[in-house]
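The values are calculated or read from the model by the stated rules, or taken from the named source; none is laboratory data. What you see is a predicted model, and the numbers here were worked out from it, not measured in a lab. Positions of Cβ are backbone-derived with ideal geometry, glycine not excepted, and every protein chain shown enters the neighbour counts. For the accessible areas, the whole protein counts, side chains as well, though only heavy atoms, and no ligand, DNA or RNA atoms are used. Shrake-Rupley method; radii C 1.70, N 1.55, O 1.52, S 1.80 Å.
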Amino acid sequence: MGKKVLVIGEMKNNKLRNVTFEAIAASKLMSKENEVIGVICGEGNLEAQATEMIYFGADRVHTIENEKMKAYTSQVFAKAIIHVIDKVNPDAIIMGHTAVGKDLAPKLASRLNSGLVSDVIELEEFGGNIVFTRPIYSGKAFEKKIITDGIIVATIRPNNITPLDHDDTRKGELEPVNITIDTVDVIIKDVLKKATAGVDLSEAKVVVAGGRGVKGKEGFEPLYELADLLGGAVGASRGACDAGYCDYSLQIGQTGKVVTPDLYIACGISGAIQHLAGMSNSKVIVAINKDPEANIFNVADYGIVGDLFEVVPQLTAEIKKM
Ligand code: FAD
C-alpha cells in the first residue's frame, strides 16, 4: 500500500525550482502507489505554482500564503511546514538539497525525532525498505542508507532524478492553509541579486567552468560565449575565484557549489580533489587542459590536450555552424 510523502516546494523569483519536480518524481520512485502531497510557502497567490506541482505528479498541494514569507527564513518556514506536517501526518518528507533544504531538513528531522538522509542521488524500494544512495568522501565513494524508524526526511541533489512528464490534464486538490505567525526574529527586507543572473548554476544542464588557466577576468569571456550558446551557466574553480578572475558565487567544489549537469566542460582546471567533489558526478565531462598529466583527465569522458584560448573559440564556432 502506498505511503504519504510530503514534498516541500522551493521557489526562486516566484517560480518553482526544478528540484521540486525532481522531489515529486523521487516520491514516486519510492513507490508508484505513494500519495504525493506538496506544500509551498510564499507571499502572494500561489495557485499557479501549486497547479504546476500537480501537473508534475503531486496529488494535492497545500499553499501557505503569508506576507511574512516573501523570502525564506528558518523560523517562519519551519513553523509553517511543521503545521502542515501535523495536519498531514506524512510517512516521508522530501525536498531539494539546496541552501534552503540544507537548513530546513535538519530542523524538521530534529523536531520529528527522525532520521535524516541528505544529498541523495538515487533511491529505490528494496525488500520493503527505501534505499537511499548518497556520495561520501567528496564523491569518491557512495553509501546506501535505510531509515527504519519514524518519518523519513530526505534531501535530494538537484539534477539527478528525472521529473515525471508534465501533464496539464492532471487533476489534484489545492488546499490553502491559514496560519498565524506572531514571533518573527529575522525579517528579510530585500534580496540583492547578483548582476550575473542567467541560468542557475546548481540546476544548469550545461556548465562551462574556468580555472586558473583562464589567466584573468577577460579569459572568462569565451567561456560565457560558449555557455550562452549551449543554454548553460559558467562556473569556476576556487583557484580562479581566489585569483579574483570571477565571483565566489561561481565556485564549484567541496567549499563551493555541487553541480550535476548533463555536460561539464572544464577549461584550464587541474582537477584537485576539492574541485572534483563538486562536479565529478556530472553525466559527461569534457576537460581542456595544456598539461596531459592534469588530474582532471582522470575523471573526464573526453579530454582535449591544448590551449583553451584556441580550443574554446573553435568549439564555439563549430557549434554555431550546427
Ligand atoms: P591550478 O591547479 O593552478 O590549475 C590550472 C590548470 O590550468 C593547470 O592544470 C594548467 O595546466 C591549466 N592551464 C594553464 N593555462 C592553460 C591554457 N592556456 N589552456 C589550457 N589549460 C591551461 N578548489 C575548488 O575548485 N573548489 C573548492 O570548493 C575547493 N575547496 C577547497 C577546500 C580546501 C579546504 C582546500 C585546502 C582547497 C580547496 N580548493 C578548492 C582548492 C584546490 O585544492 C585547488 O587549489 C584548486 O581547485 C585549483 O584551481 P585550478 O585547477 O583552477 O588551478
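Kindly list the number of the only condition in (1) open to solvent by less than 10 Å² (accessible area, probe 1.4 Å); (2) more than 9 Å from the ligand (Cβ to nearest atom); (3) closer than 24 Å to THR98 by Cα that fails for GLY278.
Going through (1) open to solvent by less than 10 Å² (accessible area, probe 1.4 Å); (2) more than 9 Å from the ligand (Cβ to nearest atom); (3) closer than 24 Å to THR98 by Cα one by one, GLY278 breaks only (2).
When residues of the range 287-302 are filtered for being buried (at least 19 other Cβ atoms within 10 Å of the Cβ) and closer than 18 Å to VAL206 by Cα, how many remain?
Going through the range 287-302 one residue at a time, the tally reaches 5.
Return the only residue of SER27, SER110 being of a type in the set (Gly, Ala, Ser) and in contact (Cβ under 8 Å) with a residue 40 or more places away in the chain. Spell out the reasoning first.
Numbers: SER110 fails: in contact (Cβ under 8 Å) with a residue 40 or more places away in the chain.
Among SER27, SER110, only SER27 is of a type in the set (Gly, Ala, Ser) and in contact (Cβ under 8 Å) with a residue 40 or more places away in the chain.
Restricting attention to the range 308-322, which residues are within 9 Å of the ligand (Cβ to nearest atom) and out of contact with any strand residue (DSSP E or B) (no Cβ under 9 Å at 6 or more places or on another chain)?
Of everything in the range 308-322, those that are within 9 Å of the ligand (Cβ to nearest atom) and out of contact with any strand residue (DSSP E or B) (no Cβ under 9 Å at 6 or more places or on another chain) turn out to be PHE309, GLU310.
Please work out if ALA78 is over 19 Å from the mean Cα position of the chain (by Cα), buried (at least 21 other Cβ atoms within 10 Å of the Cβ), without any contact (Cβ under 8 Å) to a residue 60 or more places away in the chain and under 22 Å from ASP185 (Cβ atoms).
On the way: over 19 Å from the mean Cα position of the chain (by Cα): yes; buried (at least 21 other Cβ atoms within 10 Å of the Cβ): no; without any contact (Cβ under 8 Å) to a residue 60 or more places away in the chain: yes; under 22 Å from ASP185 (Cβ atoms): yes.
No: the conditions fail for ALA78.
Go through VAL284, VAL305 for me and flag whichever is open to solvent by 40 Å² or more (accessible area, probe 1.4 Å), near the ligand (Cβ under 10 Å from one of its atoms) and in contact with a Phe, Trp or Tyr (Cβ under 9 Å, 6 or more places away or on another chain). Full working, then the answer.
Values: VAL284 fails: near the ligand (Cβ under 10 Å from one of its atoms).
One residue alone meets the criteria, VAL305.
Residues that are open to solvent by 40 Å² or more (accessible area, probe 1.4 Å) and in contact with a Ser or Thr (Cβ under 8 Å, 6 or more places away or on another chain), at least 1 per element: which strands (runs of 3 or more DSSP E) completely within the range 153-267 meet that? Even if it seems obvious, please write down each step before you answer.
On the way: elements: 173-176, 206-210, 233-236, 263-267.
Those strands (runs of 3 or more DSSP E) span 173-176, 263-267.
If a residue has to be out of contact with any strand residue (DSSP E or B) (no Cβ under 8 Å at 6 or more places or on another chain), away from the ligand (no atom under 12 Å from the Cβ) and within 18 Å of GLN314 (Cα to Cα) to count, how many in the range 204-223 make the cut?
The initial filter retains those residues of the range 204-223 that are out of contact with any strand residue (DSSP E or B) (no Cβ under 8 Å at 6 or more places or on another chain), namely 212, 215-218, 221-222.
Imposing the further condition that a residue be away from the ligand (no atom under 12 Å from the Cβ) reduces the set to 217-218, 221.
Still in the list and also within 18 Å of GLN314 (Cα to Cα): 218, 221.
Residues that pass the stated criteria total 2.
Is it the case that the range 125-144 has a residue that's touching a residue at least 24 places away in the same chain (Cβ under 8 Å), within 16 Å of ALA25 (Cβ to Cβ) and either surrounded by 16 or more Cβ atoms within 10 Å (Cβ to Cβ) or among the aliphatic types (A, V, I, L, M) (or both)?
yes
All but one of (1) within 12 Å of the ligand (Cβ to nearest atom); (2) under 26 Å from ASN160 (Cα atoms); (3) without any contact (Cβ under 8 Å) to a residue 24 or more places away in the chain hold for PHE297, so report the exception by its number.
Checking PHE297 against (1) within 12 Å of the ligand (Cβ to nearest atom); (2) under 26 Å from ASN160 (Cα atoms); (3) without any contact (Cβ under 8 Å) to a residue 24 or more places away in the chain, the one that fails is (3).
Is it true that SER118 is among the polar types (S, T, N, Q), open to solvent by 20 Å² or more (accessible area, probe 1.4 Å) and not in a strand (DSSP E or B)? Give the derivation first.
Details: among the polar types (S, T, N, Q): yes; open to solvent by 20 Å² or more (accessible area, probe 1.4 Å): yes; not in a strand (DSSP E or B): no.
So SER118 fails the test.
Would you tally the residues in the range 19-71 being out of contact with any Gly (no Cβ under 9 Å at 6 or more places or on another chain), closer than 27 Å to ILE146 by Cβ and open to solvent by 50 Å² or more (accessible area, probe 1.4 Å)?
Of the residues in the range 19-71, 1 are out of contact with any Gly (no Cβ under 9 Å at 6 or more places or on another chain), closer than 27 Å to ILE146 by Cβ and open to solvent by 50 Å² or more (accessible area, probe 1.4 Å).
Taking the range 228-251 on its own, how many of its residues are hydrophobic (A, V, I, L, M, F, W, C), in contact with a strand residue (DSSP E or B) (Cβ under 9 Å, 6 or more places away or on another chain), more than 6 Å from the ligand (Cβ to nearest atom) and in contact (Cβ under 8 Å) with a residue 24 or more places away in the chain?
Counting residues in the range 228-251 that are hydrophobic (A, V, I, L, M, F, W, C), in contact with a strand residue (DSSP E or B) (Cβ under 9 Å, 6 or more places away or on another chain), more than 6 Å from the ligand (Cβ to nearest atom) and in contact (Cβ under 8 Å) with a residue 24 or more places away in the chain gives 6.
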